[in-house]
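The values are calculated or read from the model by the stated rules, or taken from the named source; none is laboratory data. Worth saying up front: this structure is predicted, and the values here are computed from it rather than measured. Methodologically, a virtual Cβ is constructed for each residue, glycine included, from the backbone with ideal geometry; neighbour enumeration extends over all protein chains shown.
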Amino acid sequence: MNHHFTEEQEQFRQEVSEFCKTELQNRGKTTDYAASFKQKIADRGWTGLSIPKKYGGLELGAVCRVIFMEEMAYWRTPIAPYDYGVTMSLLGNICLRHGSEEQKKEYLPRIARGEIFCGQGYSEPEAGNDLSGIQTRAVRDGDDF
């Protein structure tokens, strides 16, 4: 079994590493840096690394997604691997595997463009991490929840 990156994966790792190094050196002291950094990642297509091309992604696969998250963590960037991981690994993959074609067309391009990030809430004081005991609910309020 080969436990080494392919040449393309290693090139991708170097590209992400160099991007992080450059961006972090040039970030200055702006308060909106995290949003700016996320947008630069989206502009490179990295928010859609493993999303199929037909939905606007790069279709690079799971290994490149992990390489990306490792580099983000290594460089301590303002985009937490958790933020990206939940959006792509949970929302993106669930939609890819179990979503209707309509849902895939609605959400996957938006993930790939970096327009949506999601979070995951799974703990409350009375329930801990017992998901069956969670009391929080989403309530529609006009166009939002």
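Details
- Scanning region 124-137 for residues that are among the hydroxyl-bearing types (Ser, Thr, Tyr) and over 26 Å from Leu96 (Cα atoms) gives a single hit, Thr136.
- Residue count for region 11-46, restricted to those that are touching a Phe, Trp or Tyr at 6+ places or on another chain (Cβ under 7 Å) and not in a helix (DSSP H, G or I): 1
- Lone qualifier among Lys21, Lys40 - being over 27 Å from Glu101 (Cβ atoms) and touching a helix residue (DSSP H, G or I) at 6+ places or on another chain (Cβ under 8 Å): Lys40
- Taken over region 86-117, the criterion of being assigned to a loop (DSSP other than H, G, I, E, B), surrounded by 15 or more Cβ atoms within 10 Å (Cβ to Cβ), at negative phi and among the small types (Gly, Ala, Ser) is satisfied by Gly99 alone.
- Of the numbered criteria (1) modelled with pLDDT of 95 or more; (2) outside any helix (DSSP H, G or I), the one Ser50 fails is (1).
- In summary, Glu8 fulfils each of the numbered conditions (1) buried (at least 16 other Cβ atoms within 10 Å of the Cβ); (2) assigned to a helix (DSSP H, G or I); (3) modelled with pLDDT of 90 or more; (4) not polar (S, T, N, Q) with the single exception of condition (1).
- None of Ala73, Ala42, Ala35, Ala62 is of a type outside the set (Ser, Thr, Tyr), within 24 Å of Gln120 (Cα to Cα) and in contact (Cβ under 8 Å) with a residue 60 or more places away in the chain except Ala42.
Yes/no per residue for (1) of a type in the set (A, V, I, L, M); (2) over 16 Å from Arg110 (Cα atoms):
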position	(1), (2)
Asp32	no, yes
Lys38	no, no
Asp43	no, no
Ser50	no, no
Gly57	no, no
Ala62	yes, yes
Phe68	no, yes
Ala73	yes, yes
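- Take the conditions (1) at pLDDT below 90; (2) more than 13 Å from the chain's Cα centre (by Cα); Cys95 misses just one of them, which is (1).
- Of all residues in region 56-84 being buried (at least 18 other Cβ atoms within 10 Å of the Cβ) and among the β-branched types (Val, Ile, Thr), the one that is modelled with the highest pLDDT: Ile67
- Within region 118-137, restricting attention to residues that are free of Cβ contacts under 8 Å to residues at least 12 places away in the same chain and assigned to a loop (DSSP other than H, G, I, E, B), the residue that is surrounded by the most Cβ atoms within 10 Å (Cβ to Cβ) is Ala127.
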